[in-house]
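The values are calculated or read from the model by the stated rules, or taken from the named source; none is laboratory data. In this text, all values refer to a predicted model and were calculated from it rather than measured experimentally. All Cβ positions, glycine included, derive from the backbone under ideal geometry; neighbour counts span all protein chains shown.
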Amino acid sequence: MGIELHYGKNGYSLNLPKGCDATILRKPQMPLLEDPIASLTDSFQNCNGTPPLAECAKGCSSACIAICDITRPVPHSLLLRPLVQQLESGGIPRDRISIVVATGLHRPNEGEELAELIGDEWVLDNITIYNHDARCDAEHVWLGKTATRETVVSLDRRFVEADLRIATGLVEPHFMAGYSGGRKVVAPGLAHAETITTFHSARFMADPATRNCNLLRNPLHEEQLQIIRMLDAWTQNNGGSGSRFKHTLGLNTVLDEHRSVARITFGEIISSHQEAVEFTTTYCELPVDKPFDIVVSTAAGYPLDKTYYQTVKGMVGAMEILRPDGDLIIASECSEGMGSPEYVEAQRRLVSQGPEAFLQEILQKPHADIDEWQTQMQLKAQAIGRVHLYASGLSSEEQALTGVHCTHDLNRTLADLCQSNPQARIAVFPEGPYVVPRLTSAVI
């Protein structure tokens, strides 16, 4: 039996050994939008919590649209031109509309990659596009500190100072923030490095509520909501003549397993995001009655599996249903290698120090070193069982830095594990972290 896994752009065929059976965990079929453009246009007229978009734009002299970077398969080719045209119809001049790529602390998207990200030559030719730079102090506006955890909040100046702000994103499970999209596009997407490294610190990551599909008492989500409210309060206090629209807006999409559009929500950023989350939850959280001996997952294929950094999401998403001391196999192409130099350094420290010493070191710090939070999240999966990685894009030197067992033949590894345990219960996640299983029983 062959199971097609999401791997790179072309997929990978997983062959189950003879006599073995597996539970395939994938989303139920989503009802797709018959006419996504019509649905998008309708969302601009019937907004969640605000007047129609064209009315919101009236009196505004500028607008800034935040978009996810190349790591998210947001359908920008569908969204951006109609969005710009709506802003123009509301009276905002085209040359006063900009797009900022919400890179967080990721690298910028430029050249052919930017063209791929935008997906529309008209937008590239007519709209000014920037990459957010979290390390540039001058490009940020200081908004203060959050009330609950005193996180320093500084956000991208172009976005903050625009008369009308719109964050576009994809709502999917996220292993730290519960769900992506909405407020997450603003922070960490447009946040200063100090803001990002504070609420990605070890104390945040170690909180049990920092997990997939959970917004309740999730410290990242709570900080993100406070940041949005601080941003809107700044607008109200710095409105000048009153031309600025008082609320940040959100345009969210939900995709099915094949990247077709199932839902579009638009309006005030918090409420429109919540609407998308409620829809998504129905499909991405799957009940499982008991854990498995072997779990095969992915990093969701291209573009998420371009680096090992993003691959960790696939490990964490599958770990809840892995039997203690079980085997987790993760397939991720890693066509661009490990990730940032800072992440490589964090992995190097992990390998040299060992998991316990690494954790004790980072728990003492109020700010995380850039990208080391992903190393910390990897250890959550490794604390449960053995992790086997199939990543054709990693060199032997890079494989040594992963801290897990690397295999050159995924099917052979699965066959060997099945041979050593013929009665093994096997689960397979073709779409990786975009599906989140939930145990319905505590029985091991």
Check whether at least one residue in the stretch 321-329 is out of contact with any strand residue (DSSP E or B) (no Cβ under 6 Å at 6 or more places or on another chain) and in a strand (DSSP E or B), and report yes or no. yes
Of all residues in the stretch 243-275, which are under 19 Å from L53 (Cβ atoms), out of contact with any strand residue (DSSP E or B) (no Cβ under 9 Å at 6 or more places or on another chain) and in contact (Cβ under 8 Å) with a residue 60 or more places away in the chain? S243
So in the stretch 35-54, with the set limited to residues that are assigned to a loop (DSSP other than H, G, I, E, B) and out of contact with any Ser or Thr (no Cβ under 8 Å at 6 or more places or on another chain), which one is nearest to I329 (Cα to Cα)? D35
Picking from T151, T50, T128, the residue that is farther than 20 Å from G182 by Cβ and in contact with a strand residue (DSSP E or B) (Cβ under 7 Å, 6 or more places away or on another chain) would be T128
Any chance I294 is outside the structural domain of T195 (by TED's automatic domain parsing) and in contact with a Leu (Cβ under 9 Å, 6 or more places away or on another chain): yes
When you check I70 against the structure, is it under 22 Å from the mean Cα position of the chain (by Cα), among the hydrophobic types (A, V, I, L, M, F, W, C) and part of a loop (DSSP other than H, G, I, E, B), yes or no? yes
Answer yes or no as to whether E112 is out of contact with any Leu (no Cβ under 7 Å at 6 or more places or on another chain), under 27 Å from E194 (Cβ atoms), assigned by TED's automatic domain parsing to the domain that holds S201 and among the charged types (D, E, K, R). no
In the stretch 354-408, what residues are out of contact with any Ser or Thr (no Cβ under 8 Å at 6 or more places or on another chain) and of a type in the set (D, E, K, R)? E356, E361, E372, K380, R386, E397, E398
Wholly inside the stretch 89-176, helices (runs of 4 or more DSSP H) that include 1 or more residues that are over 25 Å from S272 (Cβ atoms) and in contact with a Phe, Trp or Tyr (Cβ under 9 Å, 6 or more places away or on another chain) are none
Could you list, in sequence order, all residues of the stretch 408-444 that are polar (S, T, N, Q) and more than 27 Å from P173 (Cα to Cα)? N411, T413, Q419, S420, N421, Q423
Does R438 count as at pLDDT below 95, among the charged types (D, E, K, R) and surrounded by fewer than 17 Cβ atoms within 10 Å (Cβ to Cβ)? yes
Within the stretch 295-318, identify whether any single residue is in a strand (DSSP E or B), closer than 24 Å to N411 by Cα and not polar (S, T, N, Q), and answer yes or no. yes
If I filter the stretch 344-351 for residues that are crowded, with 22+ Cβ neighbours inside 10 Å, in contact (Cβ under 8 Å) with a residue 40 or more places away in the chain, within 28 Å of L215 (Cα to Cα) and over 23 Å from the mean Cα position of the chain (by Cα), do I get at least one hit? no
Is there a residue in the stretch 279-290 that is modelled with pLDDT of 95 or more, buried (at least 20 other Cβ atoms within 10 Å of the Cβ), more than 16 Å from the chain's Cα centre (by Cα) and within 30 Å of E345 (Cβ to Cβ)? no
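A quick yes/no check of all residues on (1) buried (at least 17 other Cβ atoms within 10 Å of the Cβ); (2) modelled with pLDDT of 95 or more:
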{"position": "G59", "(1), (2)": "no, no"}
{"position": "I65", "(1), (2)": "yes, yes"}
{"position": "V74", "(1), (2)": "yes, yes"}
{"position": "Q85", "(1), (2)": "no, yes"}
{"position": "D95", "(1), (2)": "no, yes"}
{"position": "V101", "(1), (2)": "yes, yes"}
{"position": "R107", "(1), (2)": "no, no"}
Have a look at L5, L117, L14, L40 and point out the one that is without any contact (Cβ under 8 Å) to a residue 60 or more places away in the chain and buried (at least 19 other Cβ atoms within 10 Å of the Cβ). L117
Among the residues of the stretch 209-265, what is the count of those that are basic (K, R) and part of a strand (DSSP E or B)? 1
Which of the residues belonging to the stretch 9-34 are outside any strand (DSSP E or B) and either within 20 Å of Y302 (Cβ to Cβ) or among the charged types (D, E, K, R) (or both)? K9, N10, G11, K18, D21, R26, K27, E34
Collect the residues in the stretch 291-303 that are buried (at least 24 other Cβ atoms within 10 Å of the Cβ), touching a Pro at 6+ places or on another chain (Cβ under 8 Å) and over 14 Å from G326 (Cα atoms), keeping them in residue-number order. T298, A299, A300
Out of T168, T151, T128, I need the residue that is β-branched (V, I, T) and free of Cβ contacts under 8 Å to residues at least 40 places away in the same chain. Which one? T128
